[in-house]
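Visitor: Attaching a single structure in structure tokens format; questions to follow.
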Amino acid sequence: MKSNIAVENIAKGSYDEILVEDGFYILKIQNDTKDFQMIERDIDSSFIQFHFCLKGKSLFNFNEGHYQLEVTEENSLLLYNTRKDLPLNLTVSPNSWLLSVVMTIRKFHSLFSNEADYIPFLSGENQEKKYYSQEVVSPAIAVVLSQLMNYNLHPSIKKLYIKGKVYELISLYFNKTEEADLEQCPFLADEDNVRRIKMAKEIMISRMAEPPTLAELSTEIGLSLKKLKEGFKQIYGDSVYGFLFDYKMEYARKMLETGKHNVNEVGLKVGYSTASHFITSFKKKYGTTPKKYLTSNT
């Protein structure tokens, strides 16, 4: 897979490419702007692609735009074609998140060498053909996707955590029995619980400058305080306020990088009434002050 990457208009969004191991990548795409964003990446015919839309929607363009496939929120797209390169040519809609897993077909086959017949396109008669599949994301997969997008871990274990979660993601993708999903996580037996936890996250983000208390939040989403705390930790890998702190610092960092706002303005935007409190929090997160951070990145 060639490493040419083109990302247009992504100042307020982010594109992260994580190498899991040789021939095995994760692409994390977050467009938090009000504009469409174009992302291009060379991917040749030796790779298989799994794309998961967590939020919003994205449009996959093929054959120079003559053919398109749309993937909407909580849906996935599998792409496999040994006869033709399928480069990533993606139009990401405003406020959309996408996570992609890309690995060599050789690597993928090695994962299922003993159960090849279980996977439709791994059988001998199909292995040289193209295979496209669009499916709804299960609640269990939605949890793993959220964990991969929102982990808060010590750098020393981050790679191991990501690798484990990606293998879990692929396993769940090919596990078609709903009962297994529910046994793994009883909280997911009621998909409405997951919907309410996602609503809690959106509320905290939209009101990050003046967030509600946990009691107020649990009342607003219609879940008990206990279920809110447990469910949020399970899905997003952190407490409600731990998640919000990381989100606010990341939002602040991106604001500062635009060069359009001073420290006071950024601090107010993310909910700090004084610059000193904001600077203290920023240093706690990034190990340096906002001013020194900007200096080191210019």
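The values are calculated or read from the model by the stated rules, or taken from the named source; none is laboratory data. Predicted model only: the values in this text are computed from it and were never measured. We place every Cβ from the backbone using ideal geometry, glycine too, and count neighbours over all the protein chains shown.
Visitor: Quick one: in the range 65-89, which of the residues that are charged (D, E, K, R) and out of contact with any strand residue (DSSP E or B) (no Cβ under 8 Å at 6 or more places or on another chain) is nearest to His109 (Cα to Cα)? Give the steps one after another, and end with the answer.
Guide: The first filter runs over the range 65-89 and keeps only residues charged (D, E, K, R), leaving 70, 73-74, 83-85.
In the following step, the residues that additionally are out of contact with any strand residue (DSSP E or B) (no Cβ under 8 Å at 6 or more places or on another chain) were identified as 83-85.
Working: Arg83: 17, Lys84: 18, Asp85: 18 Å.
The qualifying residue nearest to His109 (Cα to Cα) is Arg83.
Visitor: For a quick check of your reading: which strands (runs of 3 or more DSSP E) sit entirely within the range 16-78 and have at least 1 residues that are charged (D, E, K, R) and under 12 Å from the mean Cα position of the chain (by Cα)? Steps first, answer last, please.
Guide: Details: elements: 24-31, 37-41, 47-55, 57-62, 67-72.
By residue number, 24-31, 47-55.
Visitor: Go over the candidates Leu244, Leu256, Leu225 one by one and state the one that is over 21 Å from Asp32 (Cβ atoms) and touching a helix residue (DSSP H, G or I) at 6+ places or on another chain (Cβ under 7 Å). I'd like the intermediate steps shown before the answer.
Guide: Numbers: Leu244 fails: over 21 Å from Asp32 (Cβ atoms); Leu256 fails: over 21 Å from Asp32 (Cβ atoms).
From the options Leu244, Leu256, Leu225, the qualifying one is Leu225.
Visitor: Given the criteria out of contact with any helix residue (DSSP H, G or I) (no Cβ under 6 Å at 6 or more places or on another chain), modelled with pLDDT of 85 or more and within 28 Å of Lys159 (Cβ to Cβ), does Glu70 qualify?
Guide: On the way: out of contact with any helix residue (DSSP H, G or I) (no Cβ under 6 Å at 6 or more places or on another chain): yes; modelled with pLDDT of 85 or more: yes; within 28 Å of Lys159 (Cβ to Cβ): no.
Taking the combined requirement at face value, the residue does not satisfy it.
Visitor: Continuing with this model, one more query. So in the range 190-230, with the set limited to residues that are of a type in the set (A, V, I, L, M), free of Cβ contacts under 8 Å to residues at least 60 places away in the same chain and exposed (fewer than 14 other Cβ atoms within 10 Å of the Cβ), which one is nearest to Ile141 (Cα to Cα)? Full working, then the answer.
Guide: Taking the range 190-230 and keeping what is of a type in the set (A, V, I, L, M), we get 194, 197, 199-200, 203-205, 208-209, 214-215, 217, 221, 223, 225, 228.
Filter once more, so that each one left must be free of Cβ contacts under 8 Å to residues at least 60 places away in the same chain: 194, 197, 199-200, 203-205, 214-215, 217, 221, 223, 225, 228.
Narrowing further to those that are exposed (fewer than 14 other Cβ atoms within 10 Å of the Cβ): 215, 225.
Working: Ala215: 28, Leu225: 24 Å.
Per the stated criteria, the residue is Leu225.
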